[in-house]
């Protein structure tokens, strides 16, 4: 039976894990994702899941256990964030290169130094070329829904690619919210049986997994891998639609909020999109024609669809919760701007880095940027392409 | 006792065609170890000589299920495979009576050094796995850099001898002791010159319920700078000098498996190897003395432990 439960983001992920009951869970606790691992451990202790629960001695080994387990032929998940994800970095590429559909819940957190435990997207953005699908969540409900869909997306035989499901550290991981928890059996049925591909445990087949490629094969194998994530968009779309039919909440690549007649647009992901919606409502009641585009899927990047949605705008501000030192703008900005390049008709586009290390972003900050966008639209002049919000300079 | 004739008749799980060096101890060791179980086997191999030389795509020398993921994590990778086996057995997706053995493999680089943490973790968690370290005393795959298993005084490319240095300044790490400290059911040191002993230890390791660890001295004529045809004799010298004592620790109980009739001086181990050549310079005499003293002390300690 579908029920309303008061859960924080970590508990929402753990609740989905209980319902999916993956074959192996291997995870190392790290703030702010620790409660995911603790809750799963308690589920195991109470007999609520049949998963093998492994506590490796580091995140590097956690991902290595996941890789061994997934290659063996079953459904595997982990959870981490920040330094934990950074320590996994080497193995992230290997999971993707071996085409293992591991699902990882990431409580997004800043990277050291300076050490900081709060939410930003430096961790997953740093891993944006690791070959993993990346899905970001605005709130606990989305974290729960995205996590369930992640298995269907990653395990699709044409995709076979690991998936990150991001939820903002503390802001979502530790905030209580009333969420719709779907019926156990229905969730199980939605996720379906795991279909192993070349499982090591089928010892009659004597597989060699992970051999060395020299200059003669590496490039082709990498191309094959890239094809997997390139095959993901129709699967992400179909799974999001089916989820909507089954559970009443449909998902696509991004959410458009009050974009119908918008001339100005703010692009922002994850929890800050919720705050931005309030700002948009206030601006709309002041008669401003402004909307929000909230990317949900960052990898594969839905460049055509985003360009289509933004090309008629007069001015767009992309908000990034991570930085790319020395680059021409932060990660989301460079993707969005590049997506628009081929359109003759395209908006002025600016970038704001916000919220590093969990720094607050408020309605007033979005309104401040809206004013700047208005000015850019009026004058056609961009004074500052790249800047910061709520920062003492 | 195993008969060589019977072992020879068994199907090879590591077959010919690999690219390992002339005189290399690795294939020798693994053709013995892999015969020590007839159950289906899955191997996780750390990056290193064995991995690189046996799996150059699209060819493989492995007639058994095998996975390589990275350098420092063979123990964690095989722990993952074993965990999935347990999970699928519990869930009824693998028949209850299906037996599979799980083997993690690494050189001294992947085991003593970069993989020590993952190995320690897997052993502590108690996975039902065997881990075999082939210790050839160097990072041989990348051209002979020092490892923590490189002996005192050996010249390696990152601990080269020179007018200001007698080669490696530190003694070899005692990894076997570290594994004993994990209180796992079975830990042993072996050498391919005593193949019966090696075979028996591998059998015991595979039969052990829970984690088992084998540390095997592995000849490396390329990095030891010695005659390829003399490798096995050199391994014999290693055990006769007590540089590499053969012993096992079963449920905490020490047993020495080979007592040299006459304990030979370490010099006999050192002489045939080019990596020690500079130790015969007058100014390096202290290194020889120190090496001998360490071997004597370790041997004495081992004998005490075996008498407990």
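Annotations
- The C-beta contact set for segment A:209-231 (first residue farther than 19 Å from residue B:61 by Cα and at the interface with chain B (Cβ under 10 Å from one of its Cβ atoms), second residue modelled with pLDDT of 95 or more and in a helix (DSSP H, G or I), distance under 9 angstrom, 6+ apart or interchain) comprises A:221/A:97.
- Failed condition for residue A:57, given (1) within 10 Å of another protein chain (Cβ to nearest Cβ); (2) under 21 Å from residue A:16 (Cα atoms); (3) surrounded by fewer than 24 Cβ atoms within 10 Å (Cβ to Cβ): (2)
- Residue list for segment A:23-65, restricted to those being in a loop (DSSP other than H, G, I, E, B) and more than 20 Å from the chain's Cα centre (by Cα): A:23, A:46, A:47, A:48, A:49, A:50, A:51, A:55, A:56, A:57, A:58
- Wholly enclosed helices (runs of 4 or more DSSP H) of segment B:197-306 bearing at least 2 residues touching a strand residue (DSSP E or B) at 6+ places or on another chain (Cβ under 8 Å): B:231-240
- Scope segment A:30-42; condition within 14 Å of chain B (Cβ to nearest Cβ) and more than 11 Å from residue A:53 (Cα to Cα); matching residues: none
- Residue match in segment B:74-83 (condition: more than 24 Å from residue A:89 (Cβ to Cβ) and part of a strand (DSSP E or B)): no
- In segment A:93-112, residue surrounded by the fewest Cβ atoms within 10 Å (Cβ to Cβ) [restricted to those that are within 11 Å of chain B (Cβ to nearest Cβ) and touching a helix residue (DSSP H, G or I) at 6+ places or on another chain (Cβ under 7 Å)]: A:97
- Residue satisfying condition, being modelled with pLDDT of 95 or more and assigned to a helix (DSSP H, G or I), within set A:119, A:74, A:84: A:84
- Within this structure, residue A:71 passes the test of being in the same structural domain as residue A:10 (by TED's automatic domain parsing) and either surrounded by 24 or more Cβ atoms within 10 Å (Cβ to Cβ) or over 25 Å from residue A:172 (Cα atoms) (or both).
- Pairing residues of segment B:75-86 that are facing chain A (nearest Cβ under 7 Å) with residues that are modelled with pLDDT under 95 and surrounded by fewer than 24 Cβ atoms within 10 Å (Cβ to Cβ), at Cβ distances under 6 Å and at least 6 apart in sequence or on separate chains, gives no pairs at all.
- Just one of (1) touching a residue at least 40 places away in the same chain (Cβ under 8 Å); (2) more than 7 Å from chain A (Cβ to nearest Cβ); (3) over 22 Å from residue B:219 (Cα atoms) fails for residue B:92. It is (1).
- Within segment A:341-364, the set of residues being surrounded by fewer than 21 Cβ atoms within 10 Å (Cβ to Cβ) and out of contact with any helix residue (DSSP H, G or I) (no Cβ under 7 Å at 6 or more places or on another chain) comprises A:341, A:342, A:344, A:345, A:357, A:358, A:359, A:360, A:364.
- Scanning segment A:273-322 for residues that are out of contact with any helix residue (DSSP H, G or I) (no Cβ under 8 Å at 6 or more places or on another chain) and either crowded, with 24+ Cβ neighbours inside 10 Å or in the same structural domain as residue A:128 (by TED's automatic domain parsing) (or both) gives A:273, A:313.
- Residue within segment A:130-152 that is out of contact with any strand residue (DSSP E or B) (no Cβ under 9 Å at 6 or more places or on another chain), part of a helix (DSSP H, G or I) and more than 14 Å from chain B (Cβ to nearest Cβ) present: yes
- Comparison of A:162, A:196 shows that the only residue that is touching a helix residue (DSSP H, G or I) at 6+ places or on another chain (Cβ under 8 Å) and within 14 Å of another protein chain (Cβ to nearest Cβ) is A:162.
The values are calculated or read from the model by the stated rules, or taken from the named source; none is laboratory data. If you're wondering where the values come from, they're calculated on a predicted model, not measured in any experiment. Quick reminder, even Gly has a Cβ in these numbers, built from the backbone with ideal geometry, and neighbours come from all protein chains shown.
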